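A short write-up of the structure that comes next.
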Amino acid sequence: MPPAPRPQDVSTDDLRYLLAVARAGRMTSAAALLGVDHTTVRRRLDRLEASLGARLLDRGVDGWALTAIGREVVERASALEGMVEQVVAAASGDGAVRGTVRVAAPEGFGAIFIAPALARVRREHPGIAVELVTSTRPLSLRASGFDLAVTIGSAAGARVRAEPLTEYALRLYAAPEYLARHAPITALADLEGHDLIFYVDALLTVPELDLAPVLGGMRTGFASTSVFAQAEAARAGAGIGLLHAFMGERDAALAPVLPEIVDLRLQYTLSTRPDSPAVDAVGIVRAALLDEVARRRPELLPGS
């Protein structure tokens, strides 16, 4: 049986390399964050695994994933980054909150609501660096590539603390020119035969967005994984888009279709990674996101 690892055999600097890979998911991305070559990252991780006598990372289809032991090590080592930030602040005599906060969010909500909130954080707390990653995908169970995440529906099963953020509405919108070319739409039955603009069914990985069956009689004629492409297609007259109300209502080139009848409500959930190293910075960003949705709720739920 190999001897148990000793604290003096483990380099805290090597742990910093592991934290970078856990955050970035890829060796090359972690190397860019650290300002070193990716071979240096690999060498440091090999040394760390040897000193601990355990495998910490496995190669997955979407980069590197932490093993069960790797997750435990990252959770316990994450405090190191926060401590270094505090040491830097103490040495500089600066009591400002510091740290890097990565936020993962769906594309449309991230661009229209989270980006302004993060910009305000940067103005008020210049010591906090922010990163926004947008994608309409379920929250990864790896739960180490973000500090805060906004997801559609729940975040069940992930190693996170989750709380309801806000409801939002999806409604139908079309270009006025498109509507003028067709018979008036005054009831659900009038939608039959119209092209629906929505997500690509085969790539729809968020069950809550499987809403096309609700609109019986419509067929998906233009599909995209991008909500901005969907909105652009609606403006161009490709059909009727089932769009976020916070996008459709502000777009002068789009007109609502049956807004009193088709008003679908979904939930955004805000999740926090409990082992995030920049605890104070994460708290500030979380508060900014909650404030943003509270102030702009009429955009999320028009008419409510």
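The values are calculated or read from the model by the stated rules, or taken from the named source; none is laboratory data. These numbers come from a predicted model, not from an experiment. All Cβ positions, even for glycine, are placed from backbone atoms using ideal geometry, and neighbour counts span all protein chains on display. Accessible surface areas use protein heavy atoms only, side chains included; no ligands, DNA or RNA. Shrake-Rupley method; radii C 1.70, N 1.55, O 1.52, S 1.80 Å.
Among the candidates Gly237, Gly303, Gly283, the residue that is in a loop (DSSP other than H, G, I, E, B) and open to solvent by 30 Å² or more (accessible area, probe 1.4 Å) is uniquely Gly303. Considering the range 216-234, and only residues there that are in contact with a His (Cβ under 9 Å, 6 or more places away or on another chain) and open to solvent by less than 20 Å² (accessible area, probe 1.4 Å), the residue that is nearest to Asp201 (Cα to Cα) turns out to be Val227.
Glu131 fulfils the conditions (1) modelled with pLDDT under 70; (2) closer than 21 Å to Val279 by Cβ except for a single criterion, (1). Is at least one residue of the range 28-35 at pLDDT 85 or above and touching an Asp or Glu at 6+ places or on another chain (Cβ under 9 Å)? Taking every residue of the range 28-35 in turn, at least one turns out to be at pLDDT 85 or above and touching an Asp or Glu at 6+ places or on another chain (Cβ under 9 Å).
When Arg250 is tested against (1) touching a Gly at 6+ places or on another chain (Cβ under 7 Å); (2) in contact (Cβ under 8 Å) with a residue 40 or more places away in the chain; (3) more than 12 Å from Ala169 (Cα to Cα); (4) not in a helix (DSSP H, G or I), just one condition goes unmet, and that condition is (1). Among residues of the range 158-202 being surrounded by 16 or more Cβ atoms within 10 Å (Cβ to Cβ) and of a type in the set (D, E, K, R), the one that is nearest to Ala255 (Cα to Cα) is Arg171.
For the range 47-71, a residue qualifies if it is open to solvent by 20 Å² or more (accessible area, probe 1.4 Å) and in contact (Cβ under 8 Å) with a residue 60 or more places away in the chain, and the qualifying residues are Ala65, Arg71.
Ala255: modelled with pLDDT of 95 or more, more than 24 Å from the chain's Cα centre (by Cα) and open to solvent by less than 30 Å² (accessible area, probe 1.4 Å), yes or no?
Details: modelled with pLDDT of 95 or more: yes; more than 24 Å from the chain's Cα centre (by Cα): yes; open to solvent by less than 30 Å² (accessible area, probe 1.4 Å): yes.
Here the answer is yes, as Ala255 does meet what is asked.
Can you find a residue in the range 70-84 that is out of contact with any helix residue (DSSP H, G or I) (no Cβ under 8 Å at 6 or more places or on another chain) and modelled with pLDDT of 80 or more? Within the range 70-84, one or more residues are out of contact with any helix residue (DSSP H, G or I) (no Cβ under 8 Å at 6 or more places or on another chain) and modelled with pLDDT of 80 or more.
Restricting to the range 20-46, and then to whatever is surrounded by 20 or more Cβ atoms within 10 Å (Cβ to Cβ) and of a type in the set (Val, Ile, Thr), can you tell me which residue is nearest to the chain's Cα centre (by Cα)? Reasoning before the result, please.
Of the residues in the range 20-46, the ones surrounded by 20 or more Cβ atoms within 10 Å (Cβ to Cβ) are 20-24, 27, 30-31, 41, 44-45.
The next check asks that each one be of a type in the set (Val, Ile, Thr); those that pass are 21, 41.
On the way: Val21: 18, Val41: 26 Å.
Among residues in the range 20-46 that are surrounded by 20 or more Cβ atoms within 10 Å (Cβ to Cβ) and of a type in the set (Val, Ile, Thr), the one nearest to the chain's Cα centre (by Cα) is Val21.
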